[in-house]
1. Within segment 16-39, can you find the residues that are basic (Lys, Arg) and under 26 Å from MET156 (Cβ atoms)?
2. Only one residue in ALA182, ALA199 is out of contact with any Phe, Trp or Tyr (no Cβ under 9 Å at 6 or more places or on another chain), more than 29 Å from PHE112 (Cβ to Cβ) and among the small types (Gly, Ala, Ser), so which one is that?
3. What number of residues within segment 50-93 satisfy the criterion of being open to solvent by 70 Å² or more (accessible area, probe 1.4 Å), among the acidic types (Asp, Glu) and either closer than 19 Å to GLN106 by Cβ or assigned to a helix (DSSP H, G or I) (or both)?
4. Could you figure out which of (1) touching a Lys or Arg at 6+ places or on another chain (Cβ under 6 Å); (2) open to solvent by 30 Å² or more (accessible area, probe 1.4 Å); (3) of a type in the set (D, E, K, R) isn't true of ARG170?
5. Among the residues of segment 4-39, which ones are without any contact (Cβ under 8 Å) to a residue 60 or more places away in the chain and over 22 Å from LEU162 (Cβ atoms)?
6. Within segment 96-150, which strands (runs of 3 or more DSSP E) (wholly inside it) include 2 or more residues that are out of contact with any helix residue (DSSP H, G or I) (no Cβ under 9 Å at 6 or more places or on another chain)?
7. Look through VAL163, VAL213 and report the one residue that is at pLDDT 95 or above, outside any strand (DSSP E or B) and touching a Cys at 6+ places or on another chain (Cβ under 7 Å).
8. In segment 22-39, what residues are out of contact with any Ser or Thr (no Cβ under 9 Å at 6 or more places or on another chain) and part of a loop (DSSP other than H, G, I, E, B)?
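The values are calculated or read from the model by the stated rules, or taken from the named source; none is laboratory data. Computed from a predicted structure; not experimentally measured. For neighbour counting, all protein chains shown are included, and Cβ atoms are generated from backbone atoms with ideal geometry for every residue, glycine included. Protein only, heavy atoms only, side chains kept; ligands, DNA and RNA dropped before computing areas. Shrake-Rupley method; radii C 1.70, N 1.55, O 1.52, S 1.80 Å.
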Amino acid sequence: MKSYAEKNIGLVTAHKLLDFSKCAWCFEKKYIDLIPDPTADDKDYFVLGQAFDDLVSEGQKEFEKKYEVVKRRGAETEKVQLTEGMSKTLDSMGKEFQENPLFHKQYKKKIFQCEISGLKLSGELDHFDEKERLIIDLKSCANIQNFDAYSYTFQMAFYQFLVEECTGVRCKARLNVVDKYAYFSRSRCYEFGEQTLFAERGRILRLLEQYKVASDTGIFLPTKDSETLESCPYYGLESHGRSKEIIYI
């Protein structure tokens, strides 16, 4: 299975642009040099989140073609294996999703793409309601009480920009969030207004300009933010992130 970086070679997505804004050097290693992220976690947390997304967006029949429930995972199989515990959690998430009256129940993924200054922008939306001018994105999290909806403002603003470039329509966005709480799932609905998202437009355009310059010159400079450097998954590679000065006390 291809990684996110491999599937999006040559494309500018919201996630990639946000990574570029944090550290261009790290971005180059991950998305251009395709060096695997050594901290990438493909354990149950992410498997369950993807399974929930597939169940809602593709339906039960397609879901069953891709996943199977087993008592113990390990044997090689074409399907993604879910433990009985994961299956119960998924059932709880599905029940909560269906019972929340604020959520759209029918999803149809749609890909928007456009070209700006030689850059190919792309975004896969979980659902787009043309009548309501509404982007809908399904999210799952560990605990709804700790979910930070504001951290997704940039992603939704990027989608708004992309949709507007492709259709001429300015829209709002909504997050439908369900958690993977161990005992019962909970959910919340968050909506970003048109102006809230549009306020990010200047930042998006500046980042695209910076990304264009870096791509044309091949120069991807590391951030100067020490916290970001020291938490970089490529810490130590080519001495990246390692302090080069004495800290006097």
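1. Hits for segment 16-39 are LYS16, LYS22, LYS30.
2. Result of the check over ALA182, ALA199: ALA182.
3. Total meeting the criteria: 5.
4. (1) is the only condition that ARG170 fails.
5. Those that are without any contact (Cβ under 8 Å) to a residue 60 or more places away in the chain and over 22 Å from LEU162 (Cβ atoms): ASP33, LEU34, PRO36.
6. Working: elements: 110-116, 119-125, 127-129, 134-141.
Where strands (runs of 3 or more DSSP E) fall fully within segment 96-150 and carry at least 2 residues being out of contact with any helix residue (DSSP H, G or I) (no Cβ under 9 Å at 6 or more places or on another chain), they are 110-116, 119-125, 134-141.
7. VAL163
8. ASP33, ILE35, PRO38, THR39
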